[in-house]
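Chemist: One structure follows; several queries about it will come next.
Every read-out reported here was derived from the displayed coordinates using simple, explicitly stated rules and does not represent laboratory data. Here the structure is a predicted model, which means the values were calculated and not measured. Reconstructed Cβ throughout: ideal geometry from the backbone, glycine too, with neighbour counts over all protein chains shown.
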Amino acid sequence: MPNDSTMQLVVFSLGDEEYALPITHVQEIIRYTEPRGVASQTPWVKGVISLRGKIVPVYDLASRLNLSVDAVASKIVMVESGDDMAGVIVGDVEEVLTLTQDDLDEVPAAGAACIQAIAKVGDRLVVLLDPAGIFAADTVAPHAATTSSRSNATASAPAGESLAKAAA
């Protein structure tokens, strides 16, 4: 069934692959600055930065997606989902695409709650990420799920909120 509604996606690179986030969830894109490290049992939490006086957690998106990427971090994409905000480290921001629902395919059951769909753009495939999946502390990539030892109290709090409180 055709759907004429369009959506805009911010496309960025992680290594040689292209990923995207809905532009409605991208607050801003900033130049990469080394986050201040914080103690965390979650391997993809890189640390925190101060963004206009607010402490914001920064996630290593490649680690979050369980990718082994040897790319230079050049940007931090500030992502909002619900009441949470966090930065995700990416290689470079490439473009903003306008697509329709017909340009998106559902993801085969791969066990990755972070992935919302696959966008077909000419001969390219762009992985559309789910911002809520990035923030979900209990929804980790398959390999990381076996090493997670977070307590129920910590896992039930939003990831950005619990990290910001720990850093304060």
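Chemist: What value in Å³ per residue do you get for the convex hull of the alpha-carbon atoms in the range 1-45? Mind dumping the intermediate values first?
Modeler: Working: hull volume 7.2 nm³, N = 45.
Taking only Cα atoms, the range 1-45 has a hull volume of 159 Å³ per residue.
Chemist: If you don't mind, there's one more thing I want to ask. Tell me, what are the semi-axes, in whole angstrom and largest first, of the equivalent ellipsoid of the range 65-124 as set by the roots of 5 times the Cα gyration tensor eigenvalues? The partial results should precede the final answer.
Modeler: Numbers: eigenvalues 92, 53, 47 Å².
With the √(5λ) rule applied to the range 65-124, the semi-axes are 21, 16, 15 Å.
Chemist: Residue separation times 0.36 nm, minus the C-alpha to C-alpha distance between Thr33 and Ala132: what's the value?
Modeler: Values: separation 99, 0.36 × 99 = 35.64 nm, distance 2.40 nm.
So the extension gain works out to 33.2 nm.
Chemist: Mind checking the range 56-120 for GluC sites (Glu not before Pro) that DSSP puts in a loop (not H, G, I, E or B) and that have at most 16 other Cβ atoms within 10 Å?
Modeler: On the way: sites: Glu80, Glu94, Glu95, Glu106; in loops: Glu106.
Hits after loop and neighbour filter: Glu106.
Chemist: Please list, in order, the residues from the range 23-46 whose amide nitrogen is less than 15 Å from a point placed 7 Å along the Cα→Cβ vector of Ser5.
Modeler: The answer is 23-25.
Chemist: Ok, one more. Would you mind getting me the FRET efficiency between Thr98 and Asp70? Use the beta-carbon distance for r and R0 = 25 Å, nearest 0.05.
Modeler: Working: r = 31 Å, r/R0 = 1.26.
Using R0 = 25 Å, I get an efficiency of 0.20.
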